[in-house]
Structure formats: C-alpha cells, structure tokens
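Throughout, read-outs are computed from the coordinates displayed, never taken from laboratory work. Note that this is a predicted model, so its numbers are computed, not measured. Here the Cβ positions follow ideal geometry from the backbone for every residue, glycine too, while neighbour counts run over all protein chains shown.
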C-alpha cells in the first residue's frame, strides 16, 4: 500500500525576536505619514495642519486617550476588556475637583487621591474578574454605570470648576532647556539599549540583529526625537504630552523587558497553559486591572486640568470606545495574546489625526461618528482575516496582516478626505460656530440660520459640534483657532469649565461669544441667549392656571450645571414658591437629565407616578425631548388631564399640543437668536462694539448680553408664530391642520 505524502507543514518564522522588524508598527507608521502628507497638501488644510502649533495641539488633544490606551492594551492582551474607563475618568476627576474646590487641598493631594481612587477601581474590578471568574465584560459594564453614578452622587450632579491655580501644573509646559535634555536623554538611552541588546546576543552565542533591524530601530528613534524637537524644541513640551510619552515608554518596557510582561502575553496566548507553567494567572490579572485603573486616573487628572473642571455627567463619555478603537487599530488582537504598546501609540495617533483633520476640514460631527465606527469595524475585520488558516507562513501572515491594515485604513482615509474635499472649498473661517450637539432637531435650524446670516454679512464660517463632550469641545476650539477663526461663537458643553475657551481664544487674538448658554468668565466678549428664566416662569404660570395652584408636580431638568437648565428651573421655583410654602403644590420628583432625551424623561415620569400613587397633576420639562418622554409615560398609564409643558417647539411636540396630548410648548425662536449671534460676530470682527440689551455678571465681570424673547405656543397661535415665520411647515404639523389656514 502506497502512502500519500502529507502536505508540508506550515513553515515557521525561525528568526528570533531580536532579528525581526515589527512590520505592523512600521505599517501603521506608514499610514500615519501618508495621512499627514494628504492633509498637508489639501487646499482646506494646507499651511494649517502641518504646523508646529497644530501638531503640538494634536498630541495634547490625544494625550489622555493614549495614557488609557496603554493600560487597555494590557487588558486586551490577556483576553479582557474594560468598559468603565470613561466613567473612571469622571469619578477620579470628581475626587480631585472636590478636594480642590470643597476641601481646599493643594493639587498634589488632589492628584494623589485621584490616583489612589483609580487603583482601588482597578483592584475592585480585577478581584471580581480573577478571583470570582465573572466575565470582564460584565464586571466593567457594571463599573460603566456605577462609577458614573458615584461621580454624580459625590458632585451632587453639578459641574465642578474652575480648578485652583496650582492645578495648572497638569497643563503647564516643561522649560525649553529641560525639553532638550529629556528628549536627548531618552534618545541616548534608547540607542544604548539597542546596542547593548546586540552585544548581549553576540555574547550569548545568539544571532545578532541584522543591519536592517538595527537600522530600522535606531532610525525610528532618531526620527521620533527629531520630530519632537521640531515641535517642542522652541516652546517646551506640555505636561500631558510628557506624561503620555512616559506612559508609552513605561508600557513598552513593562511588556517587552520584564517577567510580568512575558506573563501577560503568555496568559493571553493560552491561560491554561500559562497556569500549568507556574504563572499566577489571578495575580497577574489583578495587577493588569490595577494598572489600567491608575492610568485611567492619570487621564482623569489630565482631562480635569485641560478643561479646567469636571462635568460628572459627560466627562470621559464614551472614552472607552475611542480607546478600544486606538488599541485595535494599533494591531492588538481582541482575542488576546498579540499586540504592542508602540502599535497602540501609532493607532492612537492615526485616530487622533483623523479627528483633527476632520475638524480642520469642517466635517459634520455626525459624519465623524460614522467614520469612527467604520474604522473600528475595519480594524476588527483585519484582525479576523489575519488569523485565517490559508496563510501558512508566519512571516507571510505578518506581512498580509500589515498590508491589510495599511490598505484598509488608507482606503478609508481617502474616502473620508475625498468626501470632505469634494465639498465646496471654503476659505479660512472668520467665525467658528461650535455647538454642544447636532443630534437634536432644533440645532439643525441654528446652523442653517447662523450660516445664512453670516454669509449675508460676508463672513466665512465653519461649524462643529462636540456631542456633549468637554474634551472634544476644547479640541474643536483649538482646531478653530488653528484655522485662524477671529470669533468663536460657542454653545458650551459646560458653562463653568468653558472659561478656558475664553482664555485660549484671547491668547490667539480671537473673541468669544457665548451662544444659548452662558460661559462663566468675566472676560467673555458677549452673550447671546433666549430669556431662559422667562421660559420657566411661563411654564410654571400656565401650570398654576391649569391646576388651580394645587397638586403633585414633576420637574424634568436638563443637564446638571447647564446654564439653560439652571435658569429655566430657577424660573419654576421662583414662580411656584408661594404655593410650595403653603403646601398646595408638592414636587414629587425633580431630576436632572444629562442627555435631555425622551428616554430619560419617560423613565423619570414613570418612577414619579409610581412614587405619587399612580398620578401626577403637572409636568414641567426643560426641553421638547423631555416633554415627549412625559407624554409617552402619561399615555401609557392611561391618564388624562395631566398638564405637560415643554420648550423648543419641536414638530412632534407642537403636534402633541394640537391633539391635546401636551398642554403647551414655549417657543424659543431660533432665527433671531442665530442671526443676532452672527450680527454680533460681524461687529466684533469689524472692531465695533455690538449693542447690548443688558449686562450680566459672569465670573466676576459684567458681560454684555442680548436676550431674545420667548413665547407660549398653543393651537391658536401655531399659524402666525410657527408656520408664517417659517419655523415649521404645515406639512410637519398634520395634527394642527384644523388650526392652519387652508392653502391657496
């Protein structure tokens, strides 16, 4: 019997690690350089992106992401995950802010306490994962909720800002001489380590690194050092960049040159084999989570210093997704056992460059979210394909993986940039319109009216939205200033922390107009807003008329610390005060809502009705979204005659008013607000002092303000106030058909 010869077994790459080049890292470096080259030549970013100031800004913007990403690399390598890092950033930031602002502690104590809190967070989660065997996804998902909730409880759901002056050490720059010494010393140490490793391998009788490997490693270090000196050699390296750099070096040393690092990769490769070989898998796992907890606290401190405060409801929001994306882009496998800190660093820089470039190109923030999702899916697809059994040789598998990463990311980058460049080329903006979000109906109107009026006045504009994220908004402020904007019209994500924006703008010779929400800074140039206090008064007065000044009331406030939410709710309380004092009105529930969303309003009203015995008499909501949730809750409970008031006059709510599901809406007309802001910006650019209807004390100074009037919407005035003015169309208001004039 003739035996068939089996196929040759897959060839293995027998070269020792010391003789290999990290092709994945070099591929990512190539993608990064290609992306920078494209942004450097595009008309919209030429002469703007590839400048010392913008590159320094880019590195500073992404420092906190990179710090957390180093820890996340370790977690994913051991086949874990940490979904709580965003909430951990908020909690550790709150700890530092409370010690500064409430206890009067110096920055050193506040920072140490924050780092200690991060270590406790990591220990807590590590013990549940390692000792009790609960999946990391479940443990950290619990932390995602619990740590955010604890931050809100500790801060009383209020923004904490500004930090004390000594906390500025977190964002200060290292002196120029020290910067040269640090970078030069790091380069000398890196080259010495390369040379020592080569000599040790020769002394041990092992093959030394090839000339190509030595040249690639040494050349890479020299290029990085030259790049850093080019950017920071004349200005000093900012503390966040220094901390991120030290974290990367420490992570690389830990993973590549320590027993602990070897154990991490062994556990990721095969946990059971690692245990049988004598590795204490539980102990290593706990320490990995402690490390990521401490690094999360470092990021929390950096972010608190960068935005000059903490907004507990949104600080670090969805940071975990940005971090995981950076780690996966950098080549770390989600199934564990493979990845590098250097790859993570390059992945974070690619991800950060895309965000910076899209801001400079003026790409809509909602499209940026789409790009983030596509990037993550692309990276995961590459990871899956790279494990295919069809590629037998490890060297070919590595090459195929890096080629796929490079090709996929470059293709995606090209699509994004071509889409942005295909838009009508815009000159450098005179005015940057920076909104908190574009994910609500009304803000599309803000953009449309503002841009139309600005263009009538001969101004070029760029519009950005921060998705209610402080860190994203300050990055957008920096990018707008880099583009050369002369006036920033800003709807702040946090009124207290936004004082930093005013300082940054004035340092660049630009003016700041607070839009719709106050910025608590005495140096603010102008404030354009609706009369938010009057919104609360009108809603409360209508509720008193409808209920006869009696019954159980529910108050649905917007984001805690938000100036509009604060003013509207103050209007409620001032108007209801006499009735509350005599006991005829009882507030059974008053809650803040970080997202201002129908889902949050629905849940709060359902809980309030349960607490009140199944019925409430009036619901006062800060915006249309919360009011929609209230309508849903009341209808689901089968109740009638409940007074519900909202504000913003979204089309759905106006339809509710016409059909009787909702009692009133308060119209905060967008067109005069947006046009007034554009007029103020034009006057400031021309060197004129805009007319003001009043002044308001903000941050110790008197700021000129233009307050736009508000009006109550009922079925009888829908036609003149909404349809005739063009705020809404008749087609958007089918429930109001009987109240509208017939078409001619």
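Values as computed for the structure displayed
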read-out: Stretch gain in nm, segment residue 230-residue 441, where the contour uses 0.36 nm per residue and the Cα spacing is subtracted; value: 71.5 nm
read-out: Packing-based order for 173-182, 119-128, using average beta carbon neighbours within 10 Å, highest first; value: 119-128, 173-182
read-out: Base-10 log of normalised Debye intensity for segment 477-582 (one unit scatterer per alpha-carbon) at q = 0.09, 0.11, 0.18, 0.19 Å⁻¹; value: -0.33, -0.45, -0.82, -0.88
read-out: Ascending count of other beta-carbon atoms within 10 Å, so fewest first, for 310, 248, 431; value: 248, 431, 310
read-out: 52, 272, 440 arranged by Cβ crowding within 10 Å, fewest neighbours leading; value: 272, 52, 440
read-out: Rounded tilt (10° steps) of 365-385 against the dominant C-alpha axis of the chain; value: 30
read-out: Principal-axis tilt of helix 52-61 within the chain, Cα atoms, nearest 10 degrees; value: 80
read-out: Correct choice for P(r) over Cα pairs in 10 Å bins from 0, in percent that was computed from the model, options [x] 2, 11, 18, 21, 21, 15, 8, 3, 1, 0; [y] 3, 12, 18, 17, 14, 10, 8, 6, 4, 3, 2, 1, 1, 0, 0, 0, 0; [z] 3, 13, 21, 24, 18, 11, 6, 3, 1, 0, 0; value: [z]
read-out: Two-site FRET efficiency, residue 189 against residue 277, from Cβ-Cβ distance with R₀ of 30 Å, rounded to 0.05; value: 0.40
read-out: Residues residue 46 and residue 254, FRET efficiency given R0 of 41 Å [Cβ-Cβ distance, rounded to 0.05]; value: 0.50
read-out: Residues residue 448 and residue 738, FRET efficiency given R0 of 30 Å [Cβ-Cβ distance, rounded to 0.05]; value: 0.55
read-out: Gain upon complete extension [residue 168, residue 688; 0.36 nm per residue less C-alpha separation]; value: 183.8 nm
read-out: Extended-chain gain in nm, criterion 0.36 nm per residue less alpha-carbon gap, residue 108 and residue 457; value: 120.6 nm
read-out: Burial ordering of 28, 105, fewest other beta-carbon atoms within 10 Å first; value: 105, 28
read-out: Segment 452-498 versus segment 584-600: alpha-carbon centroid distance in Å; value: 30
read-out: Inter-part distance where segment 560-581 and segment 212-269 are each reduced to a Cα centre, Å; value: 52
read-out: Euclidean distance of C-alpha centroids, segment 187-203 and segment 86-147, integer Å; value: 39
read-out: Rounded if a/c under 1.5, otherwise prolate or oblate - segment 609-731, Cα gyration tensor axes; value: oblate
read-out: Expected 222 nm ellipticity per residue - DSSP helices of 4 or more, -39500 (n - 2.57), all of the chain, to 500; value: -19000 deg cm²/dmol
read-out: Segment 49-206, relative contact order in percent, only Cα pairs under 8 angstrom and at least six apart counted; value: 26
read-out: Geometric extent, Cα atoms of segment 33-80 - Rg, Dmax (angstrom); value: 15.2, 45
read-out: Projected label distance in nm at residue 131 and residue 204, using a 7 Å step from Cα toward the beta-carbon; value: 3.7
